[in-house]
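The values are calculated or read from the model by the stated rules, or taken from the named source; none is laboratory data. Fair warning: this is a prediction, and the values are worked out from it, not measured in the lab. Because the Cβ atoms are built from the backbone with ideal geometry, glycine has one as well, and the counts that use them run over all protein chains shown.
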Amino acid sequence: MTRRTVRIAMNGVTGRMGYRQHLVRSILSLQQQGGLDLGDGTTLWPEPVLVGRREHALRAMAEQHGIEHWSTDLDAVLADPSVEIYFDAQVTSAREDAVRRAIAAGKHIYCEKPTATSLDGALELARLAVAAGVKHGVVQDKLFLPGLQKLKRLVDGGFFGRILSIRGEFGYWVFEGDWQSAQRPSWNYRAEDGGGIVADMFPHWEYVMHETFSRVRTVQALATTHVPQRWDERGKPYDATADDAAYGIFQLDGGAVAQINSSWTVRVNRDELVEFQVDGTHGSAVAGLRNCRVQHRSATPKPVWNPDLPATEAFRDQWQEVPDNTEFDNGFKAQWELFLRHVVLDEPWRWDLTAGARGVQLAELGLRSSAEGRRLDVPELSL
């Protein structure tokens, strides 16, 4: 067995998502399993090079996990010819410049979303990557969740018949930071730092709808800031200038209508933090992070509206659980494996910077729709 090492500059892994999901649950997990078997007698060994601004945090992380290389000098890392891939999980406002520099250095690009703070910036990154001939990808982790993979299996199998509607509910209560610490960083609630739930979540919803159902044709959204003041990591109060809740209606190719609520100011009364209900002429499904339940038309009850009597049926008990039928790995790790195979073996890959630009486009149009109070078309993108 031949071992092929791929060195990856990982920028922004001192943050919660970059650290937990990308470094620990993906790259270090691949190392713990002995590398990625490419199936041709070669094992791919991913070697992280940690990059960031906080020297003490990088040093402590490297020591904790036995990582040899780390640096606060991004340009020096990008100048190293042994580094093949640049990964970015920084705050959104810092991502575009760093990715540009990595493309100019000839590195393959893999990054979190949104890829830029504007559609123009996102499209320019895609154009630059294509012109430079580097491979490029954007994290679209929700597609690899067990619940949504089961939902996709149902769609591909024709379970729904004609899909009529999709209703999504996402969110939870993020504490303001005064009497309990917040679960999300304070920059998420400052528009000037690239925060806002539309910028964060609409890129997710774009690829979920695009990949699972069909392309988004129109958007109508209302974005608002329900909690106008929060407290940062030092306990200092600040004005929340970014939206913390968004209510969107999307028309899809084929006629289906999607309604998705996104909120950091909602208390959870559902089985999972995100759920999608899909209704079709032949059946319905409710999918979350891990689970998916279905109700076929042959097993659909016939409720009768009668407000004078208590409900006589336990409606949730009338749904059937969709079996796993396979083993699901961590979604971030699964996509990392596909991207690494794309880089080394040139295997097919469709979640590129152009796909990332579609997410930025939908977020930009969603905010504009909210500001103008009207429904907007979502044009197809071209480089």
For the stretch 202-225, name all the residues that are touching a helix residue (DSSP H, G or I) at 6+ places or on another chain (Cβ under 8 Å), of a type outside the set (Val, Ile, Thr) and assigned to a helix (DSSP H, G or I). 202, 203, 204, 205, 206, 207, 210, 211
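I want to confirm something. Restricting to the stretch 124-159 and keeping residues that are of a type in the set (Gly, Ala, Ser) and in a helix (DSSP H, G or I), which single residue is farthest from residue 10 (Cα to Cα)? Break it down stepwise before answering.
Within the stretch 124-159, the first condition is being of a type in the set (Gly, Ala, Ser), and the residues that meet it are 126, 129, 131-133, 137, 147, 157-158.
Within this subset, residues satisfying the condition of being in a helix (DSSP H, G or I) are 126, 129, 131-132, 147.
Values: 126: 20, 129: 18, 131: 23, 132: 20, 147: 29 Å.
Step by step, filter the stretch 124-159, then rank; the result is 147.
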Residue in the stretch 253-274 that is nearest to residue 371 (Cα to Cα), counting only those that are surrounded by 20 or more Cβ atoms within 10 Å (Cβ to Cβ) and not hydroxyl-bearing (Ser, Thr, Tyr): 260
Pairs where the first residue, in the stretch 139-156, is touching a residue at least 12 places away in the same chain (Cβ under 8 Å) and the second is of a type in the set (Gly, Ala, Ser) and surrounded by fewer than 21 Cβ atoms within 10 Å (Cβ to Cβ), C-beta under 7 Å, 6+ apart: 144/334
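Anything in the stretch 314-338 that is among the acidic types (Asp, Glu), exposed (fewer than 10 other Cβ atoms within 10 Å of the Cβ) and within 19 Å of residue 295 (Cβ to Cβ)? List them, or say none. Before you say what the answer is, go through the steps one by one.
To start, the set of residues in the stretch 314-338 that are among the acidic types (Asp, Glu) comprises 317, 321, 324, 327, 329, 337.
Still in the running and exposed (fewer than 10 other Cβ atoms within 10 Å of the Cβ): 317, 327.
Residue satisfying the conditions is 317 alone.
Would you confirm whether any residue within the stretch 171-190 is in a strand (DSSP E or B) and either in contact with an Asp or Glu (Cβ under 6 Å, 6 or more places away or on another chain) or closer than 24 Å to residue 15 by Cβ (or both)? Walk me through it before giving the result.
At the first step, the residues of the stretch 171-190 found to be in a strand (DSSP E or B) are 171, 173.
Filter once more, so that each one left must be either in contact with an Asp or Glu (Cβ under 6 Å, 6 or more places away or on another chain) or closer than 24 Å to residue 15 by Cβ (or both): 171, 173.
Yes, some residue in the stretch 171-190 is in a strand (DSSP E or B) and either in contact with an Asp or Glu (Cβ under 6 Å, 6 or more places away or on another chain) or closer than 24 Å to residue 15 by Cβ (or both).
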Kindly evaluate residue 44 against the criterion of being under 20 Å from residue 28 (Cβ atoms), assigned by TED's automatic domain parsing to the domain that holds residue 96, among the aliphatic types (A, V, I, L, M) and in contact (Cβ under 8 Å) with a residue 60 or more places away in the chain. yes
Residue among 174, 198 that alone is within 17 Å of the chain's Cα centre (by Cα) and touching a residue at least 60 places away in the same chain (Cβ under 8 Å): 198
When the residues of the stretch 310-324 are filtered to those that are in contact (Cβ under 8 Å) with a residue 12 or more places away in the chain and assigned to a loop (DSSP other than H, G, I, E, B), which remaining residue is nearest to residue 270 (Cα to Cα)? 319
Those residues of the stretch 290-313 that are surrounded by 13 or more Cβ atoms within 10 Å (Cβ to Cβ) and of a type outside the set (S, T, N, Q) come to a total of 5
Find the residue count for the stretch 301-339, including only residues that are modelled with pLDDT of 90 or more and β-branched (Val, Ile, Thr). 2
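So, in the stretch 203-231, of the ones that are in contact with a strand residue (DSSP E or B) (Cβ under 7 Å, 6 or more places away or on another chain) and of a type in the set (Phe, Trp, Tyr), which residue ends up surrounded by the fewest Cβ atoms within 10 Å (Cβ to Cβ)? Lay out the reasoning, then the answer.
First, the residues of the stretch 203-231 that are in contact with a strand residue (DSSP E or B) (Cβ under 7 Å, 6 or more places away or on another chain): 205-206, 209-210, 213-224, 226-231.
Narrowing the set further to residues that are of a type in the set (Phe, Trp, Tyr) leaves 205, 213, 231.
Numbers: 205: 27, 213: 22, 231: 18.
Looking at residues that are in contact with a strand residue (DSSP E or B) (Cβ under 7 Å, 6 or more places away or on another chain) and of a type in the set (Phe, Trp, Tyr), I get 231.
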Looking for something under 22 Å from residue 136 (Cα atoms), at pLDDT below 95, in contact with an Asp or Glu (Cβ under 8 Å, 6 or more places away or on another chain) and surrounded by fewer than 19 Cβ atoms within 10 Å (Cβ to Cβ) - is there at least one such residue anywhere in the stretch 73-92? yes
Reported set for the stretch 103-123 where residues are surrounded by fewer than 18 Cβ atoms within 10 Å (Cβ to Cβ), in a helix (DSSP H, G or I) and not aliphatic (A, V, I, L, M) is 120
What's the number of the condition residue 344 fails, among (1) exposed (fewer than 15 other Cβ atoms within 10 Å of the Cβ); (2) in a helix (DSSP H, G or I)? (1)
Would you check which residues across the stretch 254-287 are in a loop (DSSP other than H, G, I, E, B) and hydroxyl-bearing (Ser, Thr, Tyr) and list them? 281
